[in-house]
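To start, the structure itself, in C-alpha cells.
None of the figures in this text is laboratory data; all of them are computed from the coordinates on show. Small disclaimer: the values here were computed from a predicted structure and weren't measured. Using ideal geometry, Cβ is built from the backbone for each residue, glycine included, and neighbour counts are taken over all protein chains shown.
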Amino acid sequence: MKVKEIVRMVIVLTVVCAVWGGALSIVKKVTEPQIEYQRIKNIKAPALKKALVVDYDNDPVKDRIKVVVGKDKRGRDIVKNIFLAKKGGKIVAVALEAYGAGYAGNIGVMVSINLPSETIGGIAITTHSETPGVGTRAIESKKFKDQFKNKSITTNFAPGSGTIDVVSGASYTSRGIMMAVQHAVEIYKKIKSKIGV
C-alpha cells in the first residue's frame, strides 16, 4: 500500500467515525428526556402514587423539577427530582426520594409532604434489598408506614427519637426507612425556597 492510500483511508475513517459519533451524540441528547421520563414513570411512579395522598390534577412525573440539593465527595452537584402535585395550578404536595441504610443495603423511600401544612402525606418504598420475610416486614407493614402520616416536618424521625415504633424483628429495615424519611425532610427544608413553596 502506498502512503497516499493509507492517508486517504485514515481520513475517510476519521470522517466516518466523526459523523457517526456526532449522530449518536445528537440521538442520545434528543431521546434522553423521554428515556428518563419512561424510567421514572415505570419505576418511581407506582411509589409516587402511593405516597401522594392528596387530590391533584396534574402529572407529577411530567411536572417534576430538578434541584441541586448539595455536593458529593468530589464536589459535583447532587441533583434530585422533585415531584410537584398540583390542583388547579397550585402546588398541594411535594414528593422526593431519599435513602437510608437498611440491613442489606440502601432503602429508597418516596416521601410526600402536604402543603401548606408541611406534614408528611405518605411514604412508599422504591428500592430495597432486604431479606424476604424478615426485613420486608417493615417494608410491607401498613401500620408501620402509617405512623409517618400527618406528622409535621419539624418532627424528628431519626432512629432512637421515640417518634416511630420499629417493627419487631425488622429493626434495621425500620431504622433505614426512618432515616430516609428524615433525609427527605432535611432536603425539603433546604430546597423549598427554590421550588416556590
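Separation between the Ser168 and Lys87 pseudo-spin-labels, each 7 Å from Cα along Cα→Cβ, expressed in nm?
3.9 nm
Over the chain, what relative contact order in percent results from Cα pairs under 8 Å that are six or more residues apart?
On the way: 326 pairs, mean separation 34.1, N = 197.
Once divided by the residue count of the chain, the mean separation gives 17 percent.
Suppose we keep just the alpha-carbon trace of the chain; what are its Rg and Dmax in angstrom?
22.5, 82
For the range 134-197, what does the relative contact order come out to in percent, with C-alpha contacts under 8 Å and a separation of six or more?
On the way: 50 pairs, mean separation 23.2, N = 64.
In percent, rounded to a whole number, it is 36.
Give a residue-ordered list of calculated ³J(HN,Hα) values for the range 41-54 (Karplus: 6.51 cos²θ - 1.76 cosθ + 1.60, θ = phi - 60°; whole Hz; x for Gly, Pro).
Using θ = phi - 60°, the values come out as 4, 8, 10, 8, 4, x, 5, 4, 4, 5, 6, 7, 9, 8 Hz.
If I fit a long axis through the Cα atoms of helix 3-39 and take the longest principal axis of the Cα atoms of the chain, what angle between them do I get, 0 to 90°, rounded to 10?
20 degrees
Between rounded, prolate and oblate, where does the range 40-112 land on the alpha carbon gyration tensor, with a ≥ b ≥ c its root eigenvalues, rounded for a/c under 1.5, else prolate if a/b exceeds b/c?
oblate
Helix 171-191 versus the longest principal axis of the chain: what is the Cα-based angle in degrees, 0 to 90, to the nearest 10?
The two axes meet at around 70 degrees.
For Thr127 and Leu24, what does the FRET efficiency come to when R0 = 30 Å and r is the distance between their Cβ atoms, rounded to the nearest 0.05?
Working: r = 30 Å, r/R0 = 1.00.
According to the calculation, E is roughly 0.50.
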